[in-house]
Amino acid sequence: MAEQKHFSSSQTIHWPTEYAYIVNMLKGLDLNGQPSHDPLYRYNTGPVLLAATIGLAHNRERDVGPNRQEISTDTFESHRLGNSQSSLASLVLLIALIGTQDLELLRPDREAELIRKFERYAAGGFEYLRGALSTSDDVTGQAVIRNEIAQALGAQSDQI
């Protein structure tokens, strides 16, 4: 059974180059791009999704800007969510939908708008992470990420 694609055609997702050091840190690399600690992620898709999730959680959006990196939606389609059959592309859709609460973004003629919304959350999340990392002496970023997850879970349990 062929898996359904989430996007009608290959698109490009951008993220701000100024945060490449955060992406590399989350991939276990130091400022020189050399392995220095256990990675949280193997590919750029993981840190970008994490940043978008943090942007969504903190309602932080910003423009990507002209200095940017790119990842094809095909890459998000090919990367799996853990051991599941779901691709990371489903999270791109989900983050944009939760942020807008506009199901019409799933229409093929609005895919570009959906992707721009995801990019804005990723850029806002990276900006938030930069601030959180600047007040921490954690060179791996793992303590900051654990704290973000704990805060998110705490906020979720307060709502129950």
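Please indicate, with yes or no, whether at least one residue in region 31-54 is modelled with pLDDT of 90 or more, hydrophobic (A, V, I, L, M, F, W, C) and over 11 Å from the mean Cα position of the chain (by Cα).
Within region 31-54, not a single residue is modelled with pLDDT of 90 or more, hydrophobic (A, V, I, L, M, F, W, C) and over 11 Å from the mean Cα position of the chain (by Cα).
Of all the residues that make up region 23-42, how many are without any contact (Cβ under 8 Å) to a residue 40 or more places away in the chain, loosely packed, with under 15 Cβ neighbours inside 10 Å and within 16 Å of VAL144 (Cβ to Cβ)?
Within region 23-42, residues that are without any contact (Cβ under 8 Å) to a residue 40 or more places away in the chain, loosely packed, with under 15 Cβ neighbours inside 10 Å and within 16 Å of VAL144 (Cβ to Cβ) number 0.
PRO66 fails exactly one of the following numbered conditions: (1) touching a Leu at 6+ places or on another chain (Cβ under 6 Å); (2) over 26 Å from ASN147 (Cβ atoms); (3) in a loop (DSSP other than H, G, I, E, B). What is the number of that condition?
Result: PRO66 passes all but (1).
Conditions: (1) out of contact with any Asp or Glu (no Cβ under 6 Å at 6 or more places or on another chain); (2) part of a loop (DSSP other than H, G, I, E, B); (3) of a type in the set (Gly, Ala, Ser). ALA52 meets all but one. Number of the miss?
Of everything listed in (1) out of contact with any Asp or Glu (no Cβ under 6 Å at 6 or more places or on another chain); (2) part of a loop (DSSP other than H, G, I, E, B); (3) of a type in the set (Gly, Ala, Ser), ALA52 misses just condition (2).
If I filter region 77-132 down to residues being hydrophobic (A, V, I, L, M, F, W, C), more than 19 Å from GLN11 (Cβ to Cβ) and in contact (Cβ under 8 Å) with a residue 60 or more places away in the chain, which single residue comes out as surrounded by the fewest Cβ atoms within 10 Å (Cβ to Cβ)?
The extreme case among them is LEU129.
Identify the single condition in (1) within 23 Å of ILE22 (Cα to Cα); (2) not in a helix (DSSP H, G or I) that ALA123 does not satisfy, given that it satisfies every other one.
Only one criterion is unmet by ALA123, namely (2).
Filter region 78-99 down to residues that are in contact with a Leu (Cβ under 8 Å, 6 or more places away or on another chain) and in a helix (DSSP H, G or I), then give me how many there are.
Residues in region 78-99 being in contact with a Leu (Cβ under 8 Å, 6 or more places away or on another chain) and in a helix (DSSP H, G or I): 9 in total.
For region 1-22, name all the residues that are free of Cβ contacts under 8 Å to residues at least 40 places away in the same chain and not in a loop (DSSP other than H, G, I, E, B).
TYR21
Mind listing just one residue for me: the one in region 137-160 that is farther than 30 Å from THR12 by Cβ and surrounded by 14 or more Cβ atoms within 10 Å (Cβ to Cβ) and, of those, modelled with the highest pLDDT?
ALA143
The values are calculated or read from the model by the stated rules, or taken from the named source; none is laboratory data. Please read these numbers as outputs of a predicted model, since none were measured by experiment. For neighbour counting, all protein chains shown are included, and Cβ atoms are generated from backbone atoms with ideal geometry for every residue, glycine included.
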